[in-house]
Amino acid sequence: MIPLSEYAKEISIPKRILRYLHREGIITDPLSKEDQLCLQFLERIWGKKEIVRAQLSRLSLKARHSFLRTADLPTKWERYASSRYFNLAPGQKLEMSTLIEEIQTTFCFLLTRQQIKRLYKIRNRVQVAKYRERKRADEQPDSSLT
């Protein structure tokens, strides 16, 4: 029986995923022999494109785009912030102070200065992505005109 925190140092699967599996009751802490076997199998297929492709294919195209846009955001509040900015209608504004208040109320914690800086980066990233999307749409020749 190996403690989960110790096993996390030896395996390529991220520690937060191991904690998630434990929270969901899929594995125990300390790890049983069966859990270790399952994690060894999971590690062998972890990140394989064919496996990821099959999992993503079950999502709608819109859900896939949303997932890929926020895949590198590890926390729910970061994904929430990204979605709030991404889903704004053209010309609509969302004040940072309003978003900070929403996050603190919804997720029940006070944002630190570093987390607020992270919000500014997320907002900037979404603005750049939306700009590029608009630019791409403008560059596309309208097929209905031909």
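Counted as membrane-span-like here are DSSP H helices of the chain whose alpha-carbon atoms extend 18 Å or more along the helix's own axis and whose Kyte-Doolittle mean is -0.5 or above; these are 33-45. Between the beta carbons of Gln114 and Ile26, assuming R0 = 35 Å, the FRET efficiency works out to 0.65 to the nearest 0.05. Which entries of Lys93/Lys117; Lys76/Lys121; Lys9/Lys76; Lys62/Lys121; Lys93/Lys121 have Cα-Cα distances beyond 21 Å here? Correct reply: Lys9/Lys76; Lys62/Lys121. Simple spin-label estimate for Ser97 and Lys130 gives 2.0 nm between the two label positions (7 Å along the Cα-to-Cβ direction from each Cα). Full extension of the chain between Glu139 and Lys48 gives 29.3 nm of extra length, using 0.36 nm per residue less the Cα-Cα distance. Here the spin labels are modelled as points 7 Å beyond Cα on the Cα-Cβ line, and at Lys9 and Phe67 they lie 3.4 nm apart.
Placing unit charges on the Cβ atoms of the charged side chains and taking the dipole of the chain about its Cα centre, the candidate lying farthest along the positive direction among Ala71, Leu21, Gln127 is Gln127.
With charges only on Cβ, +1 for K and R and -1 for D and E, what is the dipole size of the range 4-46 about its Cα centre, in debye, rounded to 20?
Values: 7 positive and 7 negative charges, 36 e Å.
Taking the Cα centre of the range 4-46 as origin, the dipole is about 180 debye.
Using the Cα centre as the reference, give the magnitude of the dipole from point charges on the C-beta atoms of the range 42-114 (Lys, Arg: +1; Asp, Glu: -1; all else neutral), rounded to the nearest 20 debye. Display every interim value, and only then the final one.
On the way: 13 positive and 7 negative charges, 91 e Å.
Using only the charged Cβ atoms, the result is roughly 440 debye.
Based on DSSP H segments of at least four residues, each scored -39500 (n - 2.57), the chain has a per-residue ellipticity at 222 nm of -20000 deg cm²/dmol.
Pairs of C-alpha atoms in the range 4-46 farther apart than 12 Å represent 55 percent of all such pairs.
Find me the longest stretch of the chain that has none of the exposed trypsin sites (Lys or Arg not before Pro), where exposed means in a DSSP loop (not H, G, I, E or B) with at most 12 other Cβ atoms within 10 Å. Walk me through the intermediate numbers first.
Working: sites that count: Lys9, Lys48, Arg58, Lys93.
Maximal segment without exposed cleavage sites: 94-146.
Evaluate the charge dipole of the chain about its Cα centre and quote only its size in Debye, nearest 20, assuming +1 on the Cβ of each Lys and Arg and -1 on the Cβ of each Asp and Glu. Intermediate results must be reported in sequence, preceding the final value.
On the way: 29 positive and 17 negative charges, 98 e Å.
In total the dipole reaches around 480 debye.
With both labels modelled 7 Å from their Cα along Cα-to-Cβ, the Leu56 to Met1 distance reads 4.1 nm.
Binning the alpha carbon pair distances of the chain at 5 angstrom intervals from zero yields the distribution 2, 7, 13, 14, 13, 14, 13, 11, 6, 4, 2, 1, 0, 0, expressed in whole percent.
Every read-out reported here was derived from the displayed coordinates using simple, explicitly stated rules and does not represent laboratory data. All of these numbers come straight from a predicted model, not from anything done at the bench. No Cβ is skipped: glycine too gets one built from the backbone with ideal geometry, and neighbour counts run over all protein chains shown.
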